[in-house]
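Visitor: Pasting a structure below so you can have a look.
Any read-out appearing in this document is the output of simple, stated calculations on the displayed coordinates, not a laboratory observation. Treat the numbers as computed from the prediction; the structure is a model and nothing was measured. For neighbour counting, all protein chains shown are included, and Cβ atoms are generated from backbone atoms with ideal geometry for every residue, glycine included.
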Ligand code: PEP
């Protein structure tokens, strides 16, 4: 079986000015110098990208953006292109976060276009999928994920997707303090990996990282990471503080 380097990613959402983000990023860089078992990424707000890049560049910490627009340039007021993100120092981009789906009209179709733009610019897409509480309770978890994954990746070939990361984020666990149990998360991660295997073959599905997101904290990361198909975490609230994010980065693998 392929070994997948864990990725611990922090989504800073609409928190922190450029100065605040730079300060947290600088603290984090110092706290994770020894964390060589995992890739580390933080995704500050667009306005903080350049200042964060100044302090992370050359360190163990990479940077991502929280969204992008699929066109290269043009009269699209308020939007940011993949090339602009690359120029600001991003290596990753989060796509299809549930907050974007819930509040900003993100659909599987827009996710699909954004994945293409990210790949073309050389950004690693972190594509978020996940069911709502109602969908889980009514037994639709797998059908929802099936649709989100298949529509999001529609039209792409395995050679396009070498940098793809999928983040399973049950909507009912984001920012609520409710975490999926490690068994619940593992069941879904295994399902997603088998979907990817059906679409793109075994070698690719075994190499692709699937992150868990939803109230990940220093106290629950180790148990989650012990699961066979959990390859890292997308962390919201607990990534805003450099100490707590660093403790998550330093999880002890029990696999
Ligand atoms: C997220 O924003 O992707 C997230 C999982 O948030 P939290 O960790 O706060 O639940």
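Visitor: Starting from the Cα of residue 159, step 7 Å toward the Cβ, then list every residue of the range 97-131 with an amide N under 19 Å from that point.
Guide: 116-123
Visitor: Report the calculated FRET efficiency for residue 4 and residue 77 (r = Cβ-Cβ distance, R0 = 30 Å), to the nearest 0.05. Write down the numbers at each step before the final one.
Guide: Values: r = 40 Å, r/R0 = 1.32.
It comes out at approximately 0.15.
Visitor: Sort 141-148, 48-55, 111-118 for me by packing, meaning the mean count of neighbouring Cβ atoms within 10 Å per residue, highest on top. List each step's numbers first, then the result.
Guide: Values: 141-148: 16.6, 48-55: 20.0, 111-118: 21.9.
Packing order, densest peptide first, comes out as 111-118, 48-55, 141-148.
Visitor: Still on this structure, I have one more. Let me check against my output: what whole-number percent is the relative contact order of the range 28-83, with C-alpha pairs under 8 Å and at least 6 apart? Walk me through the intermediate numbers first.
Guide: Numbers: 57 pairs, mean separation 18.4, N = 56.
In percent, rounded to a whole number, it is 33.
Visitor: Scaled to the compact-protein estimate 2.2 N^0.38 Å, what is the alpha-carbon radius of gyration of the range 63-110, rounded to two decimal places?
Guide: Working: Rg = 11.0 Å, N = 48, 2.2 N^0.38 = 9.6 Å.
It is 1.15.
Visitor: Is any residue of the range 217-234 close enough, with backbone N under 20 Å, to a label point placed 7 angstrom from the Cα of residue 176 along the Cα-Cβ axis, and if so, which?
Guide: Hits in the range 217-234 for residue 176 at 20 Å: 217-221, 224, 233-234.
Visitor: At q = 0.10, 0.11, 0.14 Å⁻¹, what base-10 log of I(q)/I(0) does the Debye formula yield for the chain when every alpha carbon is treated as an equal point scatterer in vacuo?
Guide: -0.44, -0.53, -0.90
Visitor: While we're looking at this one, here's another question. Which three extents, in angstrom, do the Cα atoms of the range 11-105 have along their principal axes, listed largest first?
Guide: Taking the Cα atoms of the range 11-105, the three principal extents are 43, 26, 25 Å.
Visitor: For the pair residue 140 and residue 103, what calculated FRET efficiency results from E = 1/(1 + (r/R0)^6), where r is the Cβ-Cβ distance and R0 = 22 Å, to the nearest 0.05?
Guide: Working: r = 22 Å, r/R0 = 0.98.
After rounding, the FRET efficiency stands at 0.55.
Visitor: Between residue 54 and residue 15, what FRET efficiency comes out of the Förster formula 1/(1 + (r/R0)^6) with R0 = 22 Å and r the beta carbon distance, rounded to 0.05?
Guide: On the way: r = 19 Å, r/R0 = 0.87.
Efficiency at R0 = 22 Å is approximately 0.70.
Visitor: Only helical DSSP H runs with n ≥ 4 go in: add -39500 (n - 2.57) per run for the chain, normalise by residue count and round the 222 nm mean residue ellipticity to 500 deg cm²/dmol.
Guide: On the way: 11 runs with 105 residues, N = 255.
Per the formula, -12000 deg cm²/dmol.
Visitor: If you don't mind, there's one more thing I want to ask. Along its principal axes, what span do the Cα atoms of the range 56-177 show, with the longest given first and each in whole Å?
Guide: Result, largest extent first: 44, 32, 32 Å.
Visitor: Oh, and also: With a 10 Å Cβ neighbour count serving as the proxy for reagent exposure, in which order, fewest first, do 12, 172 appear? Spell out each step's value before the answer.
Guide: Numbers: 12 24, 172 19.
Arranged by neighbour count, lowest to highest, 12, 172 become 172, 12.
Visitor: Regarding the range 83-155, what are the three Cα extents along the principal axes, ordered largest first, in Å?
Guide: Sorted largest first, the three principal extents are 44, 25, 18 Å.
Visitor: So for the pair residue 35, residue 217, with labels modelled 7 Å out along Cα→Cβ, what separation do we get in nm?
Guide: 1.8
Visitor: Give me 14, 63 sorted ascending by neighbouring Cβ count inside 10 Å, so fewest comes first. Display every interim value, and only then the final one.
Guide: Details: 14 7, 63 24.
So the ranking, lowest neighbour count to highest, is 14, 63.
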